[in-house]
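What follows draws every value from the coordinates through simple rules; no lab data is involved. The structure presented is a predicted model; accordingly, all values stated were derived computationally and were not measured. With ideal geometry, Cβ positions are generated from the backbone for all residues, glycine too; neighbour counts draw on all protein chains shown.
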Amino acid sequence: MTITITAFEQSPDGGMGLARDTRVRWALEEVGQPYEVRPVSFRAMKEPAYLALHPFGQIPTYEERGLVLFETGAIVFHIAQRHAGLLPEDVNARARAITWIFAALNTVEPPILELVIAKFLEGDKPWAKDRLPLVQDRIRSRLHQLSARLGDADWLDGGFSAGDLMMVSVLLRVKPSGILNEFPNLSGYVARGEARPAYRRAFDAQAAFNAGKPPA
Ligand SMILES: N[C@@H](CCC(=O)N[C@@H](CS)C(=O)NCC(=O)O)C(=O)O
C-alpha cells in the first residue's frame, strides 16, 4: 500500500518544518508507515486537476488506495485510527486525545495564524502597528490557558498522542515570534516533541526535499 502526500515544490519557509505536510510526515513516521511525496507548485495547486483532490487548493493532500483526504486534522486522525501508536486504546482516553487535536486546530492555531497574517500579509498596512500587539495578546491569552492545563506534565493527557503531535505542530508556528519562550513549560513541551525521533525524521525529510536532495 503506497501512501502519497503532497507538499510545496518550494516551501516558503525553505523547509524549516512550518509547512503543514510536516505534521502528516510526523504522524506517518510515528506509526512507521512509508510514504511518497508529490511536489506541487503554487500554480498547479489552483488548477482543476489538483482542486479535484483538494477543493481549497492547498497542501497537504493524502492518497491511499483510492482514498483522498485533505485537512491535516482529518489526515492525522485517519492515520492514528488506522495504525497503532498515536491514540490510546481506552475509549475515554482516546476521546480526550482526539479533543486535543480539535483544540490545537480550532482554538490554539487561529490566533497564531492571525499573527502570520498581521506580519506577513498586512504588515505594510497603515493600521498594522496598532493591530500587532492585539494579535500578540490574543496568542498570549491562549498560551496562558494551555500552559496552566499542561502544568509540569510531559504531555497533555498521559502518554504522547496525536493530540500532542498536533498541538506541538501548531505551537511550532509561534516559536519564531519569541512568544513561546514566555511560557517555559510550553517551550519544554515543544522541545520534547521536536526531540522525538519520528519528528526528527519528518523534519529532516522535509528539509532534504526542499533542498532538492533524495531522502536519506
Ligand atoms: N486547514 C488546512 C490548512 C492548509 C494550508 O493552509 N496549507 C498551506 C500550506 S501550510 C497552503 O497550502 N497554503 C497555500 C494556499 O493556501 O494557497 C490544513 O490543516 O490542512
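The alpha-carbon of Lys119 sits under 17 angstrom from the alpha-carbons of these lysines, leaving out residues fewer than 8 places away in its chain: Lys129, Lys175.
Would you mind classifying the chain by shape? Square roots of the alpha carbon gyration tensor eigenvalues, ordered a ≥ b ≥ c; an a/c under 1.5 is rounded, otherwise it is prolate if a/b is larger than b/c and oblate if not. Cα axes put the chain in the oblate bin. Applying both filters, DSSP loop and at most 12 other Cβ atoms within 10 Å, to the trypsin sites (Lys or Arg not before Pro) of the range 14-119 gives Arg43, Arg65.
FRET efficiency for the Glu182 to Ala84 pair, using the beta carbon distance and R₀ = 45 Å, is estimated at 0.80. A cut-off under 13 angstrom between Cβ atoms defines the neighbours of Ala148, and their net charge, with Lys, Arg +1 and Asp, Glu -1, is +2. Just check the range 38-145 against the gyration tensor rule for me: Cα atoms, a ≥ b ≥ c as the square roots of the eigenvalues, rounded for a/c under 1.5, and otherwise prolate or oblate depending on whether a/b exceeds b/c. Oblate, since a/c reaches 1.5 and b/c is not below a/b. Residues of the range 174-193 with an amide N closer than 17 Å to a point placed 7 Å from the Cα of Asp154 along the Cα-to-Cβ direction: 185-193. The length gained by stretching the chain between Val68 and Ala52 to full extension, at 0.36 nm per residue less their Cα-Cα distance, is 4.8 nm.
Packing, taken as the mean count of other beta carbons within 10 Å per residue, orders the peptides 168-178, 125-135 from highest to lowest as 168-178, 125-135.
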